[in-house]
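Please read the structure below before turning to the comments.
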Amino acid sequence: MQQATVNLYFDKRRDNNTIKLCVTFKRTQRYFTTGCKVDPSTWERLKKNVDKAAPDGKIKDEDFLELWTKLWNDPAKFREGVAEGYVIYARRITKRLGANFDFDVFREAFEKFGKVEVHPAHTDPNNVMKKLQEKAAILTSDKRLGSAASYKDAGISLARFIDSFDDDQRKEFLDIPKPSRRNAVKSDVVLRFEHITPQFLKVYEQWMLNYGRAPKKVNLKKGELPATASPATLTTVGIYCRQLRSVFNDVISHKLVSPDCYPFGKHGYTIPAGSNLKKALSKDDVLKIIGFQCEPNSFQQRGRDLWVFSYLSNGMNITDICSIKWKDIDRKENSLTFIRQKTARTRKGNQSRIRVTLRPESWEVINRYATDNKPDSFVFPFLNASMTEQQKKITVSQVIKMTNQHMRAIAKLLEIDTDVSTYAARHSFATILLQSEAPIAFISQSLGHQNISTTQAYLGSFDDEKTRMYLNALL
């Protein structure tokens, strides 16, 4: 029986350097992009690992391993809980179609790649680490990379916590007998849902507040001293515990684990909320930033411009600013409408566009960086259509990092001692509107919140002058 074949192809035309799938059937070839762009040396390295069940075990380059996984991974042979690679997924389609293969049918099926939930049947349903990995894989396939990373980090943190156990703790929390002799080799530990009790989580919280931040890697060859773990914040503890609670809810709802194991709730462990630090600037400080004269065409100017654009655009975050396209701008109405990237995939059935009125200062920023005005072109020159979601995330993270770095320098020159991060621009927008007597309902709508309670959490406290004015009304 004749069957279509699937192989990788490196497209170097016009310096494209994109990895594509070459699908061949009855001497006809069609190409389907993976979106992976690599340099020629990486492609040559990939070819040496083609069609292997797993990459060469000597390879430690995490970026290369991620690329290999994206192209070739078979969860049954390499990374359990991680989505199939492009080639494996495509070959499964061609095998199913067999002699009835059709390129249009293949294309339709292949375009669903990454949109189907990953739930490997062979993984242990009571293995906490595996469930965290599965959840991360599902979120990754849905292009929710930030949330996926949070689940991965929670798993890494729990693994470090368990590795820190002494023999008494292993017996108490994991029901592993003490070694019968000194220096006995410890068996591989499987963290199961029944192991996670309220007491386990209380001890984990205290460990996090002492050692939760892993030591940074050091180069011993350069004489750098070994780094040590440092305390994590209560906010980080809360994030990881909420991810853990989420997978608990998943396995209980699927009747994989007894509800009696649930460690949270009224009589269980209370997840810490962390401190809600107010990050709003005063209006005077915001005006200082807007009026600050930067060196033209410098990174400092770009940082200030993005911060000001965020503040004047309903506190729009940098991810959304980078994602603006010209079709989102209405020149006649002098406005911009957008859907927050943060909720674009989590509220698919309840989307609402936020409307921003573009001020002259906003147009100055747009005109300074815009290169063309095609409807599907990005307004700001950071992202492009050929980027993968991971590449977009990395790019936006770098823009945020650079913006915060230059804003801190500007704040120092202006003698502003309040936080001036990109996050502060959003808080300042909301708090200054509140102090100007704007209704909370209006602020909530402007921020794109679904309920007012979320908005209230964003609002900073009133300044001393405003507080005195209100209190004087008592007499």
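The values are calculated or read from the model by the stated rules, or taken from the named source; none is laboratory data. Everything quoted here is computed from the prediction, not taken from an experiment. Here the Cβ positions follow ideal geometry from the backbone for every residue, glycine too, while neighbour counts run over all protein chains shown.
Is the range 195-204 home to any residue that is of a type in the set (D, E, K, R), surrounded by 15 or more Cβ atoms within 10 Å (Cβ to Cβ) and at pLDDT 85 or above?
no
Hey, does the range 395-403 have a residue that's touching a residue at least 12 places away in the same chain (Cβ under 8 Å), among the basic types (Lys, Arg) and either exposed (fewer than 14 other Cβ atoms within 10 Å of the Cβ) or in the same structural domain as residue 330 (by TED's automatic domain parsing) (or both)?
Looking for residues that are touching a residue at least 12 places away in the same chain (Cβ under 8 Å), among the basic types (Lys, Arg) and either exposed (fewer than 14 other Cβ atoms within 10 Å of the Cβ) or in the same structural domain as residue 330 (by TED's automatic domain parsing) (or both), one finds none in the range 395-403, hence no.
Six or more apart or on different chains, Cβ under 7 Å: which pairs go from a residue in the range 21-41 that's touching a residue at least 40 places away in the same chain (Cβ under 8 Å) and in a strand (DSSP E or B) to one that's surrounded by 15 or more Cβ atoms within 10 Å (Cβ to Cβ) and among the polar types (S, T, N, Q)? Could you list them?
If the second residue must be surrounded by 15 or more Cβ atoms within 10 Å (Cβ to Cβ) and among the polar types (S, T, N, Q), the pairs left are 21/34; 35/388; 36/18; 36/388; 37/17; 37/18.
What's the number of the only condition in (1) surrounded by fewer than 16 Cβ atoms within 10 Å (Cβ to Cβ); (2) of a type in the set (Ser, Thr, Tyr); (3) modelled with pLDDT of 95 or more that residue 164 fails to meet?
Here residue 164 meets the rest and fails (3).
Say whether the condition of being surrounded by 12 or more Cβ atoms within 10 Å (Cβ to Cβ), in a strand (DSSP E or B) and assigned by TED's automatic domain parsing to the domain that holds residue 384 is met by at least one residue in the range 316-326.
Yes, there is a match, as at least one residue in the range 316-326 is surrounded by 12 or more Cβ atoms within 10 Å (Cβ to Cβ), in a strand (DSSP E or B) and assigned by TED's automatic domain parsing to the domain that holds residue 384.
So, of the residues in the range 3-22 that are under 24 Å from residue 64 (Cα atoms) and in contact with a helix residue (DSSP H, G or I) (Cβ under 9 Å, 6 or more places away or on another chain), which turns out to be surrounded by the most Cβ atoms within 10 Å (Cβ to Cβ)?
6
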